[in-house]
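*Asks:* First the structure, then my questions, so here it is.
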Amino acid sequence: MRALDRIDLIDKVGRTLQSRMGYDDISAYLEASGVNTNKPTSNVNSKWKYTKDLLAGEPDTVVLKVADELGIPHTYTVVTDKNTAEATFWEAGYFRLFLSHISTFKDRTATLRKALKQFGISAFVAHVDIEPTKKWQDEIEAGLFSMDALAAILMPGFKESNWTNQEVGIAIGRGILVIPIVRDVIPYGFIQKYQGLQADGNKTISQVAKEIFGILVSSPKTRTKMLTCFVDTILQANEEQEALVKLSYLNDISDLPIAYLEKLREGAASTAVFAKGQALEKLNQLLMKYSLQKVVHKDNDAFDLEDDIPF
């Protein structure tokens, strides 16, 4: 996380805690989150400043953990390995999902990657995403140490592969979410405790992609970043039908934090897809469901005081 991003996120954490808790509760909460609350702070009578002082010297992992628990939107990833900077295959601003699979299933996995993109998920598929000029092992390591979650496609041959087992092991060691996608092989070892996704039978790739998204928006480990990335893709929609489909997915999410809806409302006010029509109507219905004000679309051609600046 860059220094300016860190300062901005800590500021948001401070303002959120200021509005929700008293001094004693803030201190107890941060201490339970691993923050050293015995460090000296300024004498300014402000819960916001008090929180910022306590978080100032804490590791990025702690700051992100607190932000995630408070439901503060962000897309930051903790850099845990030097190879992270070399991972150039992730889609900017998207959730990073590593798809662990055996090589004989690469074509179907590549199709799954395409289906996941509509949810704001950038999925890494080894043998497909790696450029021929780059060392494949280095690229895989870069993906493993910069991913936000891992989906393991459990099918005959997976357990016998040294590579897939090591990929899952790195995910478990980093403490990130593992999603077992079950195809004739039941979760084993350390991944037995994770919520599995049954992919046997007649499920389509689109259905599997939607269920993966559902797990990512419900897990405490991935919920904040997944929701942030998904809302961003809604605002980036080029066609009204695309926006309508994504809004229907958003409407199905239970206990949707207000912060994401406010972000969507603010962004939609200056987005062409939401200027009128069904997309605007559906968005306003969603906002009203949570007792929020409707979108008031900004006229981009309207005169602004800043336009009266010498050219």
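Read-outs throughout are calculated quantities, based only on the coordinates presented, and are distinct from any laboratory measurement. Owing to the predicted nature of the structure, the values given are computational and were not obtained by experimental measurement. Here the Cβ is made from the backbone with ideal geometry for all residues, glycine too, and neighbour counts use every protein chain on show.
*Asks:* Given a Förster distance of 51 angstrom, what is the FRET efficiency for Ser103 paired with Arg2, based on the Cβ-Cβ distance and rounded to 0.05?
*Replies:* 0.90
*Asks:* Using 7 Å Cα-to-Cβ label points, what is the Asp252/Asp60 separation (nm, one decimal)?
*Replies:* 3.3 nm
*Asks:* Using modelled backbone amide H atoms (1.01 Å from N, in-plane), which distant-in-sequence or interchain residues come within less than 5 Å of Phe124's amide H?
*Replies:* Leu97, Phe98, Leu99
*Asks:* Under a 5 Å amide H to amide H cut-off, with H placed in plane at 1.01 Å, what residues pair with His74 once short-range neighbours are removed?
*Replies:* Hits under the 5 Å cutoff: Thr228.
*Asks:* Evaluate the relative contact order of the chain (contact order divided by residue number), counting alpha-carbon pairs under 8 angstrom at least 6 apart; express in whole percent.
*Replies:* Computed value for the chain: 14 percent relative contact order.
*Asks:* Here is a follow-up. What label, among (1) 29, 53, 18, 1; (2) 32, 58, 10, 0; (3) 29, 49, 21, 1, belongs to P(r) over Cα pairs in 20 Å bins from 0, in percent computed from the structure on display?
*Replies:* (1)
*Asks:* Would you pull out the residues with amide H under 5 Å of Ile181's amide H, same chain only if 5 or more places away, H placed 1.01 Å from N?
*Replies:* Residues meeting the amide H criterion: Ala152, Ile153, Leu154, Leu197.
*Asks:* Divide, for the stretch 3-70, the radius of gyration over alpha carbons by 2.2 N^0.38 Å, where N is the residue count.
*Replies:* Here the answer is 0.97, to two decimals.
*Asks:* Once phi is turned into θ = phi - 60°, what whole-Hz ³J(HN,Hα) does the Karplus curve with 6.51, -1.76 and 1.60 give for every residue of the stretch 54-67, x standing for Gly and Pro?
*Replies:* Karplus-based 3J(HN,Hα) across the stretch 54-67 equals 6, 8, 3, x, 7, x, 4, 4, 5, 4, 5, 4, 5, 4 Hz.
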